[in-house]
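A.B. asks: Please read through the structure below; I'll follow up with questions.
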There are 2 protein chains.
Amino acid sequence: MATRTHKHTDTHAFPKPGHNHDRCTADALKKAAAVCAQRKTRLTDIRREVLELVWKSHVPVGAYDILSQLNSGGGRTAPMAVYRALEFLLENGLVHRLASLNAFIGCAHIGKDHHAAQFLICRVCETAAELDSAPLTRALTQAVAERGFTIDSQIVEISGFCPHCSPPT
Amino acid sequence: MATRTHKHTDTHAFPKPGHNHDRCTADALKKAAAVCAQRKTRLTDIRREVLELVWKSHVPVGAYDILSQLNSGGGRTAPMAVYRALEFLLENGLVHRLASLNAFIGCAHIGKDHHAAQFLICRVCETAAELDSAPLTRALTQAVAERGFTIDSQIVEISGFCPHCSPPT
DNA sequence: TTGTATATGTTATAACATAACATTATACCA
DNA sequence: TGGTATAATGTTATGTTATAACATATACAA
């Protein structure tokens, strides 16, 4: 029988409304720096600023939202700069793009090359969380293989109601 | 033991390069008319034209592509008309929207309220096909339920190589 | 320090989508 | 049949997301 040693069951918990979010951000930035150091890519000022803005919350954020936050102090950054930073962050597995929202969110599992990109998105609080279910991935892999198809990349985005928000009555 | 009576195993086959596509189109249009009659919604000229254009192939098509095809004969249709037609077709389950491509494709299973919206998309020939895997749906439902999440809608879009196109060597 | 690769700045435009209001067509009932 | 409500379409304008192309600047290694 396989060993089952989990420190806690919180690994995939949906972000709680009152959690200490500063920790999420600090942790993400630390790991991001480590990943970039290891991969010998450069986490420049603008890239880090964009990453910080993406990590302001667990709500996916649009490129132009990031842009206006960057420019809120009178800056003159252009859209290209933001898209380039996002492209870098995507390539390095530091953020994800949600196709259903045209928005970006910080990767919650930096380093563990999951690359699953399976998301739960709450319609009420707009929070998005990575699902990363191994059984789901297995079912998907099998279903796709049965069709004679070879996976290159996948998008799984589930919209609904998170554990902290009730469906409208 | 459950009965297993399938006319053929082709139900979920990936569209073959040389298949008789006129049949796909004719079939889709016939079913579309039936659905609209049953639901007492109106398949007007522009709606049917857009549906026909969507069914020109199994490659998802953008709204502005549809628009330029509509106007290729000197017409002056505006984007709104196309988007409104697409909205109608979506509401009536006659087409799907692929979020990863910002494009639309005819629904291959009109009537059978699947609403799964699981797609395979070939990177080479650009053909998209509905996956609609029950095991996948089950795994997904379960994984989501385990997180205390309630599904409202789902997007599953798998990009890769179809059975008729080889991965680049 | 100088060359090369990488990153950023800048301008313009492409691509996708909707808001708001006017007009026309259709259905349905009195 | 004619009036009226509803649905559909026309029209204009604009919002939103994303990329192309070329110029300049910065970092790093030889």
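A.B. asks: In whole Hz and in residue order, list the ³J(HN,Hα) couplings for segment B:66-83 that follow from phi through the Karplus curve 6.51 cos²θ - 1.76 cosθ + 1.60, θ = phi - 60°; x for Gly and Pro.
C.D. replies: Values, residue by residue: 4, 4, 5, 5, 4, 8, 5, x, x, x, 10, 4, 9, x, 3, 4, 5, 4 Hz.
A.B. asks: Something else about it: Which entries in A:Lys112/B:Lys112; A:Lys16/A:Lys112; A:Lys40/A:Lys112; A:Lys16/B:Lys112 show an alpha-carbon gap greater than 29 Å?
C.D. replies: Check vs 29 Å cut-off fails for A:Lys112/B:Lys112; A:Lys16/B:Lys112.
A.B. asks: Among B:Gly62, B:Gly75, B:Gly18, which one moves the most in a GNM of chain B with springs linking Cα atoms closer than 10 Å?
C.D. replies: B:Gly18
A.B. asks: How high is the relative contact order of segment A:21-160, given as a whole-number percent (alpha carbon pairs under 8 Å, six or more residues apart)?
C.D. replies: 22 percent
A.B. asks: Here's a follow-up. Of B:Ile151, B:Thr41, B:Leu98, which is farthest on the positive side of the dipole of segment B:20-160, counting Cα position, with +1 on Lys and Arg Cβ, -1 on Asp and Glu Cβ, and the Cα centre as origin?
C.D. replies: Value: B:Thr41.
A.B. asks: Using 7 Å Cα-to-Cβ label points, what is the A:Lys40/B:Glu126 separation (nm, one decimal)?
C.D. replies: Between A:Lys40 and B:Glu126, the label points sit 3.8 nm apart.
A.B. asks: From the protein chains alone at 1.4 Å, what is the descending order of accessible area for A:Cys165, B:Cys36, largest first? Can you show the working numbers first?
C.D. replies: Numbers: A:Cys165 25, B:Cys36 5 Å².
Correct descending sequence by accessible area is A:Cys165, B:Cys36.
A.B. asks: When chain B is modelled as a GNM with alpha-carbon springs shorter than 10 Å, which of B:Val61, B:Val144, B:Val156 fluctuates the most?
C.D. replies: B:Val144
A.B. asks: Please report the carbon-and-sulfur percent of the accessible area for the protein assembly as shown; probe 1.4 Å, protein heavy atoms only, DNA, RNA and ligands left out.
C.D. replies: Summing carbon and sulfur atoms, their accessible area is 51 percent of the total for the protein assembly as shown.
A.B. asks: Which far-off residues, 5 or more places away or on another chain, put their amide H under 5 Å from the one on A:Thr127, with H placed in the peptide plane?
C.D. replies: Those qualifying (amide H under 5 Å, at least 5 residues apart or on another chain) are A:Cys122.
A.B. asks: Average partner chain C-beta neighbours within 10 Å, per residue of A:153-165?
C.D. replies: 6
A.B. asks: Using a Förster radius of 30 Å, what is the FRET efficiency between B:Lys16 and B:Arg84 based on their Cβ-Cβ separation? Nearest 0.05, please.
C.D. replies: Once the sixth-power term is evaluated, E becomes 0.35.
A.B. asks: Now, a different point. Between copies, how close do the A:Ala34 label points come, placed 7 Å along Cα→Cβ, listed in nm from shortest?
C.D. replies: 5.9
A.B. asks: At 222 nm, what helix-only mean residue ellipticity would chain B give, in deg cm²/dmol to the nearest 500, using -39500 (n - 2.57) for each DSSP H run of four or more?
C.D. replies: On the way: 5 runs with 63 residues, N = 169.
Taken over chain B, the calculation gives -11500 deg cm²/dmol.
A.B. asks: For the residue pair A:Ala63 and B:Lys31, what label-to-label distance in nm results when each label sits 7 Å from Cα along the Cα-to-beta-carbon direction?
C.D. replies: Simple spin-label model gives 3.6 nm for this pair.
A.B. asks: Take the alpha-carbon centre of segment A:104-169, take the same for segment A:16-42, and report the distance between them in whole Å.
C.D. replies: A separation of 21 Å, based on Cα centres.
A.B. asks: Which ³J(HN,Hα) values, rounded to whole Hz and listed in residue order, are derived for segment B:29-41 from phi using the Karplus coefficients 6.51, -1.76 and 1.60 in 6.51 cos²θ - 1.76 cosθ + 1.60 with θ = phi - 60°, glycine and proline given as x?
C.D. replies: Each residue of segment B:29-41 in turn: 5, 5, 5, 4, 4, 5, 4, 5, 4, 5, 8, 6, 10 Hz.
A.B. asks: Measuring label to label, 7 Å along Cα→Cβ, what does B:Lys56 give against each other copy in nm, shortest first?
C.D. replies: Here the equivalent label points are 4.2 nm apart from this one.
A.B. asks: Applying the Karplus parametrisation 6.51 cos²θ - 1.76 cosθ + 1.60 with θ = phi - 60° to the phi angles of segment A:116-131, what ³J(HN,Hα) value in whole Hz is obtained for each residue in order, glycine and proline being reported as x?
C.D. replies: 7, 6, 10, 10, 9, 10, 7, 6, 8, 8, 6, 5, 10, 9, 6, 8
A.B. asks: Taking the Cα centre of the protein assembly as shown as origin, sum charge times position over the Cβ atoms of Lys and Arg (+1) and Asp and Glu (-1), and report the length of that vector in debye to the nearest 20.
C.D. replies: 180 debye
A.B. asks: If you don't mind, there's one more thing I want to ask. What accessible area per residue comes out for the protein assembly as shown, rounded to a whole number of Å², with a 1.4 Å probe?
C.D. replies: Accessible area per residue, the protein assembly as shown: 58 Å².
A.B. asks: In addition: Using modelled amide H (1.01 Å from N, peptide plane; none on Pro or chain starts), what sits under 5 Å from the amide H of B:Cys107, excluding residues fewer than 5 places away?
C.D. replies: Result for B:Cys107 returns B:Val95, B:His96.
A.B. asks: Excluding ligands, DNA and RNA, what is the accessible area buried between chains B and A, summed over both sides, using a 1.4 Å probe, to the nearest 100 Å²?
C.D. replies: On the way: alone 11180 and 11170 Å², together 19590 Å².
Roughly 2800 Å² of accessible surface disappears when B and A pair.
A.B. asks: Which distances in nm, rounded to one decimal and ordered from shortest, link the label point of A:Tyr83 to the equivalent label points in the other identical copies, with labels set 7 Å from Cα toward Cβ?
C.D. replies: 1.9
A.B. asks: Then there is this: Could you work out which residue, out of A:Ala129, A:Ala139, A:Ala103, moves most in a Gaussian network model of chain A, that is, has the largest mean-square fluctuation with Cα springs under 10 Å?
C.D. replies: So, out of A:Ala129, A:Ala139, A:Ala103, the one fluctuating most is A:Ala139.
The values are calculated or read from the model by the stated rules, or taken from the named source; none is laboratory data. Not measured: the values here are computed from a predicted model. Every residue, glycine as well, gets a Cβ built from its backbone with ideal geometry; the counts of neighbours run over all protein chains shown. Areas reflect the complete protein model, heavy atoms only, side chains present, ligands, DNA and RNA absent. Shrake-Rupley method; radii C 1.70, N 1.55, O 1.52, S 1.80 Å.
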